[in-house]
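Asker: For reference, the structure I am asking about is given below.
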Amino acid sequence: MSNNPYQKTILDNGLRLITATMPYTRSVAISFFIGAGSRYETEAEAGISHFIEHLCFRGTSKRPTAKDISTAIEGVGGILNGGTDKELTLYWCKVAQPYFQTALDVLVDMLLDSRFDPADMEKERQIIIEEINMSNDTPSQRVGLLIDELLWPGHPLGRDIAGSKQSVSSITREMLLGYLASHYRPDNTVLAIAGDIEHEEVTDAVNQALGKWAGQQPRPGYLAYEEKQAKRLRVETRETEQVQLCLALPGLSLLHPKRFALDLLNVILGEGMSSRLFTQIRDKLGLAYSINSYVDHFLDTGSLIISAGVEPKNLPVAIEAILEELGKLKELVPEAELEKAKEFAKGRLLLRMEDTRNVTGWMGGQEILTQHILSVDEVVAIFEAITTEELQELARELLVGERLRLAVVGPVPQDEPLEELLKL
């Protein structure tokens with residue numbers, strides 16, 4: 001990490017501490033990244049990572065209620081939150097610099113001394129079931145779950161991170177504590193801190209707070225994903241005004257050398273109001289209010305997903321128009337458009353790095369998943385070097401008709417002949 005503006009210390013217990021000194025800021029952000037997420041769960045455990053994350057905000061010995069925890073941070077104007085993803089769980093806090101010690105104490109308390117009180121568990125179980133109900137009732141969220149099932153059929157990556165109502169209903173306290181013991185360990189955790197701080201001072205504070213945290217076992221394994229022939233279409237018929245659609249293709253993993261080229265292709269295709277999809281599908285054809293594309297990179301797989309909401313009668317023509325834009329990516333992208341995409345990607349990245357919390361996300365997310373942190377300058381250099389020929393080669397490799405998947409939620413008959421449109 002010699003050319004990186006980050007400093008890294010590994011504590012004796014295996015915890016990785018990474019800091020970025022940002023002396024011109026008035027805030028400090030602290031983010032804990034745990035190598036636990038929905039892809040690490042068995043079928044019976046589906047939703048357990050997310051359940052634990054919720055319960056860590058419920059109360060500790062020192063701060064017995066959820067209000068005690070939130071007041072400790074909000075009482076000094078800070079922000080506290082968490083999140084569960086497919087491959088990691090995150091707990092973060094952002095406070096004014098003088099309250100760094102308070103914020104660290106609250107997060108450590110939540111991670112190491114949460115009560116997992118049986119009564120709290122039952123309340124939180126109901127809250128999560130309502131969260132699942134809300135996702136299922138929201139067509140734009142529901143279609144996202146369906147496309148994941150099509151992309152990763154029969155695999156943990158294809159499941160809802162929150163689990164199902166059935167799996168959440170049957171998770172016991174013993175299951176929670178067992179999962180916690182095997183995943184919430186110092187050697188499976190990265191602590192990222194950014195702001196007006198010095199690495200040495202922070203290291204002392206972290207050593208004092210977490211030096212005695214024990215538990216070293218082999219890093220939890222996960223079920224590798226292998227692409228296989230599966231269903232290409234899911235239609236969920238609902239009485240709604242709009243049809244929500246997700247059109248997807250398998251993408252590239254987090255470790256794939258061409259992943260940044262795919263990121264640039266995605267910028268050209270569907271990021272922002274000057275992207276091809278927005279310009280063509282919304283501005284020129286007037287088919288959608290909202291349309292965009294995004295990429296996901298996981299440890300051993302990935303995806304490129306286009307999402308839109310359209311009027312039911314316009315569904316076939318919208319799908320054909322989107323596929324036409326995808327097909328055009330196999331042609332050489334004009335140099336001027338590539339330069340614009342590079343400036344967009346670089347600009348968005350540099351703007352994000354002004355925020356202490358985003359800097360912790362940049363450092364901690366890379367370290368927990370890849371054990372290697374690329375600096376912003378390194379990524380900018382990678383973007384700069386990508387050529388229009390490389391983009392064309394990648395588009396021709398990835399954008400293959402047989403790999404297309406389509407999920408649709410709305411007033412669409414089950415027998416609507418949509419699969420025959422899936423050609424590139």
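The values are calculated or read from the model by the stated rules, or taken from the named source; none is laboratory data. Being a predicted model, the structure only gives us computed values, none of them experimental. Heads up, the Cβs are rebuilt from the backbone with ideal geometry, glycines too, and the neighbour counts pull from every protein chain shown.
Asker: Just one of Ser49, Ser31 is assigned to a helix (DSSP H, G or I) and either polar (S, T, N, Q) or not assigned by TED's automatic domain parsing to the domain that holds Gly195 (or both); which is it?
Answerer: Exactly one of Ser49, Ser31 is assigned to a helix (DSSP H, G or I) and either polar (S, T, N, Q) or not assigned by TED's automatic domain parsing to the domain that holds Gly195 (or both), namely Ser49.
Asker: Note down all Cβ pairs under 7 Å where the first residue falls in region 270-282 and is among the aliphatic types (A, V, I, L, M), the second is surrounded by fewer than 18 Cβ atoms within 10 Å (Cβ to Cβ), and they're at least six residues apart or on different chains.
Answerer: From residues that are among the aliphatic types (A, V, I, L, M), there are no pairs.
Asker: Same structure, new question: Could you check region 78-195 for helices (runs of 4 or more DSSP H) lying wholly inside it with 2 or more residues that are among the hydroxyl-bearing types (Ser, Thr, Tyr)?
Answerer: Hits in region 78-195: 165-169, 173-183.
Asker: Another question, then. Could you say whether any residue in region 130-139 is surrounded by fewer than 20 Cβ atoms within 10 Å (Cβ to Cβ) and closer than 15 Å to Leu55 by Cα?
Answerer: Checked against the condition, which is being surrounded by fewer than 20 Cβ atoms within 10 Å (Cβ to Cβ) and closer than 15 Å to Leu55 by Cα, region 130-139 yields at least one hit.
Asker: If you take the residues of region 181-240 that are β-branched (Val, Ile, Thr) and under 29 Å from Asn358 (Cα atoms), which of them is surrounded by the fewest Cβ atoms within 10 Å (Cβ to Cβ)?
Answerer: Within region 181-240, the match that is surrounded by the fewest Cβ atoms within 10 Å (Cβ to Cβ) is Thr203.
Asker: Being touching a Ser or Thr at 6+ places or on another chain (Cβ under 8 Å) and either farther than 19 Å from Asp355 by Cβ or without any contact (Cβ under 8 Å) to a residue 40 or more places away in the chain (or both), is that true of even one residue in region 91-105?
Answerer: No, that holds for no residue.
Asker: From the list Glu419, Glu397, Glu393, pick out the single residue that is in contact with a helix residue (DSSP H, G or I) (Cβ under 9 Å, 6 or more places away or on another chain), among the acidic types (Asp, Glu), more than 30 Å from Asp196 (Cβ to Cβ) and surrounded by fewer than 16 Cβ atoms within 10 Å (Cβ to Cβ). Let's see the steps before the verdict.
Answerer: Values: Glu419 fails: in contact with a helix residue (DSSP H, G or I) (Cβ under 9 Å, 6 or more places away or on another chain); Glu397 fails: in contact with a helix residue (DSSP H, G or I) (Cβ under 9 Å, 6 or more places away or on another chain).
Only one candidate qualifies: Glu393.
Asker: Can you pull out the residues in region 325-344 that are part of a helix (DSSP H, G or I) and touching a residue at least 24 places away in the same chain (Cβ under 8 Å)?
Answerer: Glu325, Leu326, Gly327, Lys328, Glu335, Glu337, Leu338, Lys340, Ala341, Lys342, Phe344 - these are the residues of region 325-344 that are part of a helix (DSSP H, G or I) and touching a residue at least 24 places away in the same chain (Cβ under 8 Å).
Asker: Looking only at region 220-233, decide whether some residue is at pLDDT 95 or above and part of a helix (DSSP H, G or I).
Answerer: No, region 220-233 contains no residue that is at pLDDT 95 or above and part of a helix (DSSP H, G or I).
Asker: Here's something else I'd like to know. Step by step: first the residues of region 1-38, then only those that are more than 24 Å from Pro98 (Cβ to Cβ) and among the aliphatic types (A, V, I, L, M), then the one that is modelled with the lowest pLDDT. Which residue is that?
Answerer: Met1
Asker: Is there a residue being touching a Phe, Trp or Tyr at 6+ places or on another chain (Cβ under 6 Å) and either modelled with pLDDT of 95 or more or in the same structural domain as Ile193 (by TED's automatic domain parsing) (or both) anywhere in region 132-140?
Answerer: No, region 132-140 has no match at all.
Asker: If I filter region 341-352 for residues that are more than 15 Å from Val379 (Cβ to Cβ), in contact with a helix residue (DSSP H, G or I) (Cβ under 7 Å, 6 or more places away or on another chain) and outside the structural domain of Glu87 (by TED's automatic domain parsing), do I get at least one hit?
Answerer: Looking for residues that are more than 15 Å from Val379 (Cβ to Cβ), in contact with a helix residue (DSSP H, G or I) (Cβ under 7 Å, 6 or more places away or on another chain) and outside the structural domain of Glu87 (by TED's automatic domain parsing), one finds none in region 341-352, hence no.
Asker: In region 359-379, how many residues are surrounded by fewer than 16 Cβ atoms within 10 Å (Cβ to Cβ) and either over 23 Å from the mean Cα position of the chain (by Cα) or in a helix (DSSP H, G or I) (or both)?
Answerer: Number of matching residues: 3.
Asker: If you don't mind, there's one more thing I want to ask. Among residues belonging to region 16-35 that are out of contact with any Phe, Trp or Tyr (no Cβ under 7 Å at 6 or more places or on another chain) and not polar (S, T, N, Q), point out the one that is surrounded by the fewest Cβ atoms within 10 Å (Cβ to Cβ).
Answerer: Ranking the candidates gives Tyr24 first.
Asker: Right, here's the next one. Being free of Cβ contacts under 8 Å to residues at least 60 places away in the same chain and within 28 Å of Gly83 (Cα to Cα), is that true of even one residue in region 386-407?
Answerer: No.
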